[in-house]
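Asker: Pasting in a structure now, in structure tokens, and then I'll have a few things to ask.
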There are 4 protein chains.
Amino acid sequence: MAEFIWRRRVGFGDCDPAQIAYTGRIADFALEALDAFWEDLLDGQSWFAMNVEAGFGMPFVHMDYDFRRPIAPPEPLFCHVVPELLGTSSVTLAVSGRQGGRVAFEARFVSVFVERPGLSKIPVPGHIRAALEARIGQG
Amino acid sequence: MAEFIWRRRVGFGDCDPAQIAYTGRIADFALEALDAFWEDLLDGQSWFAMNVEAGFGMPFVHMDYDFRRPIAPPEPLFCHVVPELLGTSSVTLAVSGRQGGRVAFEARFVSVFVERPGLSKIPVPGHIRAALEARIGQG
Amino acid sequence: MAEFIWRRRVGFGDCDPAQIAYTGRIADFALEALDAFWEDLLDGQSWFAMNVEAGFGMPFVHMDYDFRRPIAPPEPLFCHVVPELLGTSSVTLAVSGRQGGRVAFEARFVSVFVERPGLSKIPVPGHIRAALEARIGQG
Amino acid sequence: MAEFIWRRRVGFGDCDPAQIAYTGRIADFALEALDAFWEDLLDGQSWFAMNVEAGFGMPFVHMDYDFRRPIAPPEPLFCHVVPELLGTSSVTLAVSGRQGGRVAFEARFVSVFVERPGLSKIPVPGHIRAALEARIGQG
């Protein structure tokens, strides 16, 4: 499958007094990668466009991270995003964060689609299901 | 067991265009609660004191979150921190985030103790083991 | 005048590899204090309530900070918020951040009131003008 | 003078319930641009390398921002960094943030060089003075 890769600089402001990237910032890195993944997959429809313009959102119901090695400047971080599971209303994506060719963390995210502003659960929108199936079909 | 509860205001800057607290900020809330838990348990020895003054740290090897309900202003968030497991070199803590009396998220964190700056694994420091066992023993 | 004081823990995640609070986080501390100031002054009407419920906002047109001393754990930071100037559409507030009894930074913020979602400039809403004048009058 | 331009995606997590980039995040964008500027100018010596490896830092003594227009997805933000003034121990840099070809904010930053970990003021290190003068000389 065609992988989506999000490249990101790791800066001073992302690091903590232990002189490695702060765990809370690593969570942000993976989330940024997911937002960029959707924008890429859906021809510009990022989380912002979904929520502000299109009347739906996809809040998280679960996320988990396994941290394999510390992240620190100066090398960039590459987040590899792979869709794993497509349910009736939910989608599961995996993010693998790599620095210097080695896996720094592996994470998994489950989101449920909801209408806005009511936040009731809805089926995966048709254009998203189609785009995900096409992307997975390239595998 | 005596629970540690961390109270936190949820502000405008913690929320996203869906007008609820951003997932990345919720990760930060739970981490803040853990840092405050250690400071309370260890008579002021927070993560900062461990890393900058005491020559050891406790980086995360795993964290997971289950999100039950959205978090939004104006009510404060209460993070309840409970130690769950104490290993040779590692410790597992649970954080339950509650707003308006209802559980908003449940999270679990596994850290491994390391010496600084080398980052080699070490046994749980004696004063931390003693403090955790005393706290758990109150249960 | 009755000062508003916002107390905040300074944590590990707020600090950078220089082992002091990161400049970007200090900006956030002052902004949090302003949000809390309005919520206190306006009986619960924080920036969130203004923007999401009340149909207006108060985006910044200017902010400046002078940093006097580094901020670091373990002492809490106290942000003192003082209204300085009330114009037709704008308001200027000063924030003084103090740690251990000494001034760590001084900042000044100018906001303009706008209607939502159009973002056109509006006069300072009547209830805000009245509350500010009453607060200043206590001086 | 050769301008340094830092390009950055503006994401969902950078925006607030007013559905524009949060002021605190805009502060971070400009700081990121400065960190990247130094890394570029000094052949890889970013703030992290200065503080963690080279025994000096350059904390801010002043920063100010004028906000001209709101920032929001989907267009990238371009931060143009220009050195303005080089003193004995201090340096002043300007950052202009542009989106869609229009200026969104203008900011100015004054830093003072200090040795680490003592934080006493030092003269601008020779290699930094030389690099800045060479860069300015290209103007």
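Asker: Starting from the stretch C:12-27, take each residue that is within 7 Å of another protein chain (Cβ to nearest Cβ) and under 15 Å from D:Arg25 (Cβ atoms) and list its partners that are hydroxyl-bearing (Ser, Thr, Tyr) and outside any helix (DSSP H, G or I), counting only C-beta distances under 8 angstrom and pairs at least six apart or across chains.
Answerer: Matching pairs, first to second residue: C:Ala27/C:Tyr65.
Asker: Is it true that D:Ala18 is in a loop (DSSP other than H, G, I, E, B) and surrounded by 23 or more Cβ atoms within 10 Å (Cβ to Cβ)?
Answerer: Here the answer is yes, as D:Ala18 does meet what is asked.
Asker: Scan the stretch B:84-121 for residues that are in contact (Cβ under 8 Å) with a residue 60 or more places away in the chain and either surrounded by fewer than 18 Cβ atoms within 10 Å (Cβ to Cβ) or among the basic types (Lys, Arg) (or both) and report the count.
Answerer: Within the stretch B:84-121, residues that are in contact (Cβ under 8 Å) with a residue 60 or more places away in the chain and either surrounded by fewer than 18 Cβ atoms within 10 Å (Cβ to Cβ) or among the basic types (Lys, Arg) (or both) number 3.
Asker: Could I ask something else about it? Please go through the stretch C:59-92 and pick out each residue that is more than 13 Å from chain D (Cβ to nearest Cβ) and within 28 Å of D:Ile71 (Cβ to Cβ).
Answerer: Just the residues of the stretch C:59-92 that are more than 13 Å from chain D (Cβ to nearest Cβ), to begin with: C:73-89, C:91-92.
Residues satisfying the conditions are C:Leu77, C:Cys79, C:Val81, C:Pro83, C:Glu84, C:Leu85, C:Leu86, C:Gly87, C:Thr88, C:Ser89, C:Val91, C:Thr92.
Asker: Is it true that A:Asp28 is over 12 Å from the mean Cα position of the chain (by Cα) and among the acidic types (Asp, Glu)?
Answerer: Working: over 12 Å from the mean Cα position of the chain (by Cα): no; among the acidic types (Asp, Glu): yes.
So A:Asp28 fails the test.
Asker: Same structure, new question: Kindly check whether there is at least one residue in the stretch C:72-80 that is of a type in the set (Phe, Trp, Tyr) and crowded, with 22+ Cβ neighbours inside 10 Å.
Answerer: Going residue by residue through the stretch C:72-80, those that are of a type in the set (Phe, Trp, Tyr) are C:78.
Pick out the ones that are also crowded, with 22+ Cβ neighbours inside 10 Å and you get none.
No; the residues of the stretch C:72-80 include none that is of a type in the set (Phe, Trp, Tyr) and crowded, with 22+ Cβ neighbours inside 10 Å.
Asker: Being over 30 Å from B:Met50 (Cβ atoms), out of contact with any strand residue (DSSP E or B) (no Cβ under 6 Å at 6 or more places or on another chain) and within 14 Å of chain D (Cβ to nearest Cβ): is that true of C:Val95 here? Can you show your working first?
Answerer: Details: over 30 Å from B:Met50 (Cβ atoms): yes; out of contact with any strand residue (DSSP E or B) (no Cβ under 6 Å at 6 or more places or on another chain): no; within 14 Å of chain D (Cβ to nearest Cβ): yes.
No.
Asker: Still on this structure, please answer the following. Could you tell me which numbered condition A:Trp6 fails, if it satisfies all but one of (1) free of Cβ contacts under 8 Å to residues at least 60 places away in the same chain; (2) assigned to a strand (DSSP E or B)?
Answerer: For A:Trp6, the failing item is (1).
Asker: Now, a different point. Might you check whether a residue that is more than 11 Å from every other protein chain (Cβ to nearest Cβ) and touching a His at 6+ places or on another chain (Cβ under 8 Å) occurs anywhere in the stretch A:29-50?
Answerer: Scanning the stretch A:29-50 turns up at least one residue that is more than 11 Å from every other protein chain (Cβ to nearest Cβ) and touching a His at 6+ places or on another chain (Cβ under 8 Å).
Every number here is computed from the coordinates shown, using simple stated rules; none is lab data. What you see is a predicted model; the values in this text were computed from it and never measured. Methodologically, a virtual Cβ is constructed for each residue, glycine included, from the backbone with ideal geometry; neighbour enumeration extends over all protein chains shown.
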